[in-house]
Amino acid sequence: MSKPTDIRVREATLYALPVETRVPLKFGAETLTSVTCARVRLRVEDRRGQSAVGWGETPLSVQWVWPSGLPYAERLDALTGFCKALCRAWAGFDATGHPMEVGAAFQEGPLRAALDEMNRARAGREPMPWLAALVCCSAFDLALHDAYGCVHGVPTYATYTSEYMTADLADFLEPAAGANVSFAGRYPADYLAPERPDALAAWHLVGGADALEPDDVAEDAPDDGYPVCLTDWIARDGLTCLKVKLRGDDAAWDYDRLARVGAIAARHGCDHLSADFNCTVKDPAYVVAILDRLRAEHRDAYERILYVEQPFPYDLAAHPIDVREVSARKPLFMDESAHDWRLVRMGRSLGWTGVALKTCKTQTGALLAQAWAKAHGMALMVQDLTNPMLAQIPHVLLGAYAGTIMGVETNAMQFYPEASRAEAAVHPGLYRRRDGRVTLDTIRGPGFGYRVGEIARALPAPVAAHRSSAVC
C-alpha cells in the first residue's frame, strides 16, 4: 500500500564542518576540545514527481559515541569514513514511503550492513559501536524528515499522522509483556504535544572541568566576552536548571561537586539539578550512597535533583543491572542506553523510569522511543549533544513536542557560541538563553523551519555526493 505523498531519496551530499571549543568539555574519562559536524543535504522526490531539499546536521562527538582507549584520530577517521559510506548508501536506497517508514527500514537494513562491513574491515581492531553508527546516520535521517515536510509544504511535525503515514506504530513497536498498551491505529502524533510551545526552560551543562565560581577560574581562561564560571552564566542567562556532569568512579569528588553546585543553586535561585554519571558506575550502591549522604547532609541540594541520568554502562545486554535501588530515590533516565525502543523496553524491566531522547540517534528512532516510553508511563527528557548551527533546531523542536518533565538541555552556547553566529542572526532566541529559556518563535515554514535560505553560511566543498538513478 502506498500514498502519493511517499518519497524516496534522489541525491545525498555530505559536508564536514569543524568546530573548536572555547573551553574544554569534560565528561566521563575524556575531554572534548573540538568536534566535526556532519551536515547533510538530501533531495527527495514524491510519487507525483515533486522534489525538495532537506537538511540535517549532527556533531560527531567521538568521546560520547565511542568511549575508548583508542586514539581520538583513529575513531574520528572511522566515523567520517562511515558517514561517507552512508552518503552512498542513502543515495542508493530504493525504499519509498514516509520518513518514519524509510528511516526505520534504512536502520534495520543498510545501516546494519554498513556497520558490519566497517567492522569486518577493522578486523583485529576494536569495532565501532552501534551508537556511533546511529549518530552518523542521524544527519541523513534528519534531512529526510526535513525534506518530507518541504516537499509537501508543511511543518515536519504535522506529518506524523495517518494522513501521511501508511504504517501505524504497531508496525514498528511491541508493548511490554503484560502492559495494557496497544499501538494499533496509533501514530507518533498521538504521543506528541498537539501544539508547540514557543519557549522552553533551558538546562545548562556544568562540565567536569568547568569553574563554578570566580575563584575557580584558571589564569588561561578565555577572555572573549562570554562567562567563564557557573555563577556568571547563571547571572547572565537567568538560569534555573543545572545538569551536573560527574565522574562515576570518584565518590568523594562526585559528592562534593553535587554539594557545591547545590549550594550555588540555592544562593542564585536555580530550582532544578540533574546528576549525570556518564555510564561509568558499575554498582547501584555507588549512586545510592551519594544520594543518601546528600539527603542527610545537604537536604536542599538533594531536593533540587529532578532526576539522575545514565550512571551505568550503556550496553544493557552486557550489563543487565537491576537499578530499582536508585530509581526508588530519584527518577532514573536512560540516555546512552536508549538506542531504540527495544532497549527502552529492557530498561523499564530493570527499573529505569525515564528516557532521555536525542535527535543524534535519529529523528525516527527518537520518535519511536518517545511513543513507546510515553505509552508505558515513563518520563521523558530531551538531552543535548552540544548541538550548534542547524543541529540545534530539530533538537529543540523535539524538546517542544515530546512532553519533557522540564524543558530541554542546550549548551552549545557555552562551549562554541561563535560557531552558530550565522544561524543566530535568524534565530536569536535559540542560541542565547534569556530568563532561563530558549525561544522557538522564529522557527516557521515547512520542514523543520530552518529558514536555510536566510542563513548566511558559506559551506565548504562536499566531502561526498551521490545521486540515485532509480525510478520513484
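Where does the chain land at 222 nm, in deg cm²/dmol rounded to the nearest 500, when only DSSP H runs of n ≥ 4 count, each adding -39500 (n - 2.57), divided by all residues?
Calculated from helices alone, the mean residue ellipticity at 222 nm is -10000 deg cm²/dmol.
Which ordering of C270, C360 is given by a fewest-first count of other beta-carbon atoms within 10 Å?
Lowest to highest Cβ neighbour count: C270, C360.
Hey, can you list the DSSP H helices of the chain whose Cα span along the axis is 27 Å or longer and whose average Kyte-Doolittle score is at least 1.0?
Helices meeting the span and hydropathy rule in the chain are 130-152.
Compute, for the chain, the length of the dipole vector about the Cα centre, with Cβ point charges of +1 (Lys, Arg) and -1 (Asp, Glu) only. Units Debye, rounded to 20.
The dipole of the chain has a size of about 960 debye.
Would you please put 229-235, 283-289 in order of how densely packed they are, using the mean number of other Cβ atoms within 10 angstrom per residue and starting with the highest?
Top of the packing list down: 229-235, 283-289.
Collect residues whose amide H, placed 1.01 Å from N in the peptide plane, falls under 5 Å from the amide H of C37; neighbours closer than 5 in sequence don't count.
It is L17, V19, L60, by chain and number.
FYI, it's all coordinate maths here, none of it is from the lab. It should be emphasised that the depicted structure is a prediction, and the values quoted were computed from it without experimental measurement. FYI the Cβ positions are ideal-geometry reconstructions off the backbone, even for glycines, and counts take in every protein chain you see.
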